[in-house]
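Since the structure comes first, as structure tokens, the remarks are kept for the end.
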Amino acid sequence: MTESQPFFPTKQIEDDPFEKFPPSLLSKMTTIALRNLQEIEHPSPLKRGKDTVKRLLKRPGDASIQDPLFWPAGLLLLGLVETGNPEAQNSARTYLQRHLHAGGAHPRLLHLDDALAMGAGLRLLEKEEERIVAQRQETPQETSRLSAIPSRFSDLSSRREDFFSRREDFSSRRKDFSSLLHEGERFADILRKLPADAEGSLIYNPASGGDDIFADGCGMVSFFFSLLAACKGQDGSSYLSFAASQLTAFLQHGMDKRSGLPYHGYSLKKGAKQGIPGWSRAAGWLLMGYTEYLIACKKMNGRQSLPDEKLFLPYFQLLQSILNCQREDGALSWILCSSEGAVDTSGLSMLCYAIGRAEGEGLLAECPTLLPQQIFSLRHSLLPYIREDGLVTGSLSACEDFAVHRQIYGSFPWGQGAALAAISLSSKEESHHVREGK
């Protein structure tokens, strides 16, 4: 059996390639993401065995086996949520509720790495609220008109019953989704009590005894807290402030001054910036959290202008520094400042997602020096890595520690989820049908 070929040939870029992305291919990508999520939830005996051997050899195991809300699942959940497909979104919601034990007497213990999955749940809540608002716009007129329909007109009466049944369904769905907000508030309380460094930044792995701050943790935590703030509205100011504190500290201590790119992390105790500057996935984490923070600022202030210039201007400097690293083919290498390195499609997709969110919420209008062609070429560079069966290839394996990146590229859940999320933001066909997978 021969390996599937890339679906897209290399060609001249004329407009946004994500907008013309084939709905059938997006459906296949969604099916694979659902399958990946099932594999995380129910790991095979072989996978469990390999994990046991790694741990016996004192090598990092697969944290997803112990924690089904770990960040790979978070990226898959985010991808499913952003599709706009009701089936995929329902699968994401039930997965979250199953592993949160929402409403149960003994909710499961949550960890910092679960912040992305919790953020995906809040994105789902946002999208559901938007859907309900849109559907309710017709409610006052429809309620008055349909209530007056005599029951002897059977076809119209049937429409009336369908309408009121739909309203009851809205109420039921709203209750289901509101549990995600409750769990988000509970998780925020847990996070704020976790060990932090001298400036209040959450330590990524406190069990190590150090105070290492990772771009991963900063990005996920600020992503989650910003979404929670946006969902809570004016009652969410403390959540937004917490997100700002994490971002401000990383911008102060974790950036490379010459390139303007993030290191993987830093330590105040050691007085050191750590890891490789410009690792694409670290930049992806940071930009995702940073983007969501500015979006929340706009939503909560109810105006176009952004109030916090201390964080507003550095955002566009970071974005420009990232895009300045684009190669001739429009892509970004796994180390951003290298011109010939391998492309990590997970980091590339995370950056595309963050930029897509910024574009969709009007943030990019504040940056006139950013050219659409830069974004189009960046998006186009991802397409050759998507096979005709919907599998996303070219993702770098999991990082084991600062600057420990085994150069293994292939198909991983984080690449599949991030690419699905990024493309779904721009795709003109949001409610694509999910193909039955085997």
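The values are calculated or read from the model by the stated rules, or taken from the named source; none is laboratory data. Worth saying up front: this structure is predicted, and the values here are computed from it rather than measured. A quick note on method: Cβ atoms are made from the backbone with ideal geometry, for glycine too, and the neighbour counts reach across all protein chains shown.
Inspection of segment 413-426 identifies at least one residue that is assigned to a helix (DSSP H, G or I), closer than 18 Å to Glu82 by Cα and β-branched (Val, Ile, Thr).
Picking from residues in segment 196-210 that are modelled with pLDDT of 95 or more and under 20 Å from Trp285 (Cβ atoms), the one that is surrounded by the fewest Cβ atoms within 10 Å (Cβ to Cβ) is Gly200. No other residue among Arg48, Arg35, Arg59 is modelled with pLDDT under 95 and more than 24 Å from Gly217 (Cβ to Cβ) apart from Arg48. Residue check: Lys127 meets all listed conditions (1) surrounded by 14 or more Cβ atoms within 10 Å (Cβ to Cβ); (2) modelled with pLDDT under 55 but one, namely (2). Just checking, does segment 326-344 include any residue being modelled with pLDDT of 95 or more and among the β-branched types (Val, Ile, Thr)? Taking every residue of segment 326-344 in turn, at least one turns out to be modelled with pLDDT of 95 or more and among the β-branched types (Val, Ile, Thr). Counting the residues of segment 259-282 that are touching a helix residue (DSSP H, G or I) at 6+ places or on another chain (Cβ under 6 Å) and hydrophobic (A, V, I, L, M, F, W, C) gives 2. Applying the condition of being modelled with pLDDT of 95 or more and not in a helix (DSSP H, G or I) to segment 359-387 and asking which residue is surrounded by the fewest Cβ atoms within 10 Å (Cβ to Cβ) yields Arg387.
In this structure, is Leu348 part of a helix (DSSP H, G or I) and in contact with a helix residue (DSSP H, G or I) (Cβ under 7 Å, 6 or more places away or on another chain)? Yes: the conditions hold for Leu348. Here the condition is being part of a helix (DSSP H, G or I) and among the small types (Gly, Ala, Ser); of Gly390, Gly356, it holds for Gly356 alone.
Among residues that are of a type outside the set (Val, Ile, Thr) and over 21 Å from the mean Cα position of the chain (by Cα), Ser237 is included. Among the residues of segment 233-256, the one identified as at pLDDT below 95 and either surrounded by 24 or more Cβ atoms within 10 Å (Cβ to Cβ) or charged (D, E, K, R) (or both) is Asp235.
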